[in-house]
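Single-structure report; data block below.
The values are calculated or read from the model by the stated rules, or taken from the named source; none is laboratory data. Please read all numbers here as calculations on a predicted model, not as lab measurements. For neighbour counting, all protein chains shown are included, and Cβ atoms are generated from backbone atoms with ideal geometry for every residue, glycine included. The protein model used for the area step is the full one, side chains on, heavy atoms only, and it has no ligands, DNA or RNA in it. Shrake-Rupley method; radii C 1.70, N 1.55, O 1.52, S 1.80 Å.
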Amino acid sequence: MDINSYSTWLEIDLNAIRNNVARIKDLTGVEVMAVIKANGYGHGARPAAQAAVQGGATWCGVARIEEALALRRAGISCKLLVLGYTPPSKIPEAIDQQIVVSLFDPDLAQSYLDFARINGGILKAHVKVETGMGRLGMLPKDVAPFLKSLRGSPISVEGIFTHFAQADEPQSDYTHKQIKRFNQLLAQLESADLKPQIVHAANSAAVFNFPEAWYDLVRPGDAIFGMAPSTQTLLGPDYLPALSWKARLISVRTYPAGSGISYGSKYVTSASERIGVMPIGYGDGFRRIDNQEVLVGGKRVRVVGRVCMDQCMLQLDAVPEAKVGDEVVLIGTQDSETISVDEVAARWSTINYEVVCGLADRLPRIYLE
Ligand SMILES: Cc1ncc(COP(=O)(O)O)c(C=O)c1O
């Protein structure tokens, strides 16, 4: 694809994803489920899934059945788990497409059974257990009777999992308590001969901070894209960021002192200033806030005036040679300067997850092999 034909685009380094999955597989020595929900954390679900599988992932995890079905339609044949809610009416498709669903509510599971009986075939499932996340999951005391009730039914429970609330805080005792609750349940199920075959718990943060939670499979999302799960859980240099966000200057003009820039004229030039226009705005997932920086000519330049839906303006005095067509980097490296997704997240008072998931569909994704 010709990058020169775009005014803004995302570059996704598939080798980085392959590398990051392979690093996690080497580190843990267990199966890897690449979590690629929300369009692969904005990177593109199908290419991310493909690269993850090439890196050694044997599973992909998604939030919704629609995401799993789209992956199947795109030819992704690895094992797929829907980590969130699946509407009962979708169970026939789950069975036909070999998509594994999560069970977290006995009443919902009963509806799944009804659909499975009508459809025929076996629905594969993993039971999700609430150990402290306070979101979805069955209480540990309800799991054994539930598993017993499914024996001989068209639901085959092949896995059991839980999710951590604070695994990104290595010094917090909370995750140890969650692991203890989960282990107690696993021991109880083992002694009743009810323990499902595949046990999993670890998101990216737990991959690095809680090796005792690796079990049979780990479930990283953020780290496979080379992003740190939190400021307390940074990634080593072996992990490579997969995403860059770039654009081109589409206009450069010198304004006289006293010129208002953008809506509301909140920025007024204090002298003769060179102002560039970048074709990116909040319609692309760029935040409408002050005090942002991007790279032009290997230097940091300020975004000035209000961010519009499709454009924003840059103060180019630091790069007098900048001209129309020059590359702008919002996330990534230019010469020796880098703006990381974490820097952008800090500026936006959020986490890197939200930055990448908010990147608009209209941004072309260019995949680098
Ligand atoms: C159930 C579940 N497992 C795994 C993950 C992956 O988490 P992370 O991106 O922090 O590795 C998520 C993401 O939120 C999740 O909801």
- Message: Checking the conditions here, which among Lys141, Lys177 is over 26 Å from Asn209 (Cα atoms), open to solvent by 30 Å² or more (accessible area, probe 1.4 Å) and out of contact with any Pro (no Cβ under 9 Å at 6 or more places or on another chain)?
- Response: Lys141
- May I ask you to list the residues in region 355-369 that are in contact with a Leu (Cβ under 8 Å, 6 or more places away or on another chain), in a loop (DSSP other than H, G, I, E, B) and open to solvent by 70 Å² or more (accessible area, probe 1.4 Å)? Glu369
- Query: Is there any pair linking a residue in region 266-295 that is closer than 22 Å to Arg362 by Cα and open to solvent by less than 50 Å² (accessible area, probe 1.4 Å) to one that is assigned to a loop (DSSP other than H, G, I, E, B) and among the polar types (S, T, N, Q), with Cβ under 9 Å and at least six apart or on different chains, and which?
  - Reply: Val277/Gln311; Met278/Ser7; Met278/Gln311; Pro279/Ser7; Pro279/Gln311; Ile280/Ser7; Ile280/Gln311; Gly281/Gln311
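Tally time: how many residues in region 156-167 are more than 14 Å from the ligand (Cβ to nearest atom) and either open to solvent by less than 10 Å² (accessible area, probe 1.4 Å) or of a type in the set (S, T, N, Q) (or both)?
Residues flagged as more than 14 Å from the ligand (Cβ to nearest atom) and either open to solvent by less than 10 Å² (accessible area, probe 1.4 Å) or of a type in the set (S, T, N, Q) (or both) within region 156-167 amount to 1.
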- Looking at Leu234, Leu240, which is the one that is under 26 Å from Ala345 (Cα atoms), open to solvent by 10 Å² or more (accessible area, probe 1.4 Å) and either among the hydroxyl-bearing types (Ser, Thr, Tyr) or within 14 Å of the ligand (Cβ to nearest atom) (or both)? Leu234
- Within region 283-292, is there a residue that is touching a Ser or Thr at 6+ places or on another chain (Cβ under 6 Å) and more than 21 Å from Asn19 (Cβ to Cβ)? no
- Some residue of region 180-200 being of a type outside the set (Lys, Arg) and within 12 Å of the ligand (Cβ to nearest atom): yes
- Message: Being more than 30 Å from Glu337 (Cα to Cα), within 16 Å of the ligand (Cβ to nearest atom) and either assigned by TED's automatic domain parsing to the domain that holds Leu150 or modelled with pLDDT under 95 (or both) narrows it down to one residue among Ala205, Ala213; which is it?
- Response: Ala213
- Which one of these does Gly260 not meet: (1) open to solvent by 50 Å² or more (accessible area, probe 1.4 Å); (2) farther than 27 Å from Ser5 by Cβ; (3) not polar (S, T, N, Q)? (1)
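Taking region 53-68 as the search range and keeping residues that are more than 12 Å from the ligand (Cβ to nearest atom) and among the small types (Gly, Ala, Ser), which one is nearest to Leu14 (Cα to Cα)?
Gly55
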- Query: Hey, Ala318 hits all of (1) crowded, with 19+ Cβ neighbours inside 10 Å; (2) farther than 30 Å from Ile224 by Cα; (3) of a type in the set (A, V, I, L, M, F, W, C) but one; which does it fall short on?
  - Reply: (1)
- Near pairs, Cβ below 7 angstrom, 6+ apart or cross-chain, from region 126-155 (over 18 Å from Tyr85 (Cβ atoms)) to any residue that is surrounded by fewer than 19 Cβ atoms within 10 Å (Cβ to Cβ) and of a type in the set (Ser, Thr, Tyr): Gly132/Tyr174
- Pairs under 6 Å by beta carbon, first residue over 18 Å from Ala68 (Cβ atoms) in region 12-40, partner within 14 Å of the ligand (Cβ to nearest atom) and aromatic (Phe, Trp, Tyr), six or more apart or different chains? Asn20/Tyr239; Thr28/Trp214; Val30/Trp214
- Task: Could you please find all residues in region 168-179 being out of contact with any strand residue (DSSP E or B) (no Cβ under 6 Å at 6 or more places or on another chain) and within 16 Å of the ligand (Cβ to nearest atom)?
- Result: Glu169, Pro170, Ser172, Tyr174, Thr175, Gln178, Ile179
- Can you pull out the residues in region 341-354 that are open to solvent by less than 50 Å² (accessible area, probe 1.4 Å) and among the small types (Gly, Ala, Ser)? Ala345
- Task: Tell me which residues, restricted to region 74-122, are surrounded by 14 or more Cβ atoms within 10 Å (Cβ to Cβ), acidic (Asp, Glu) and over 22 Å from Lys148 (Cα atoms).
- Result: Glu93
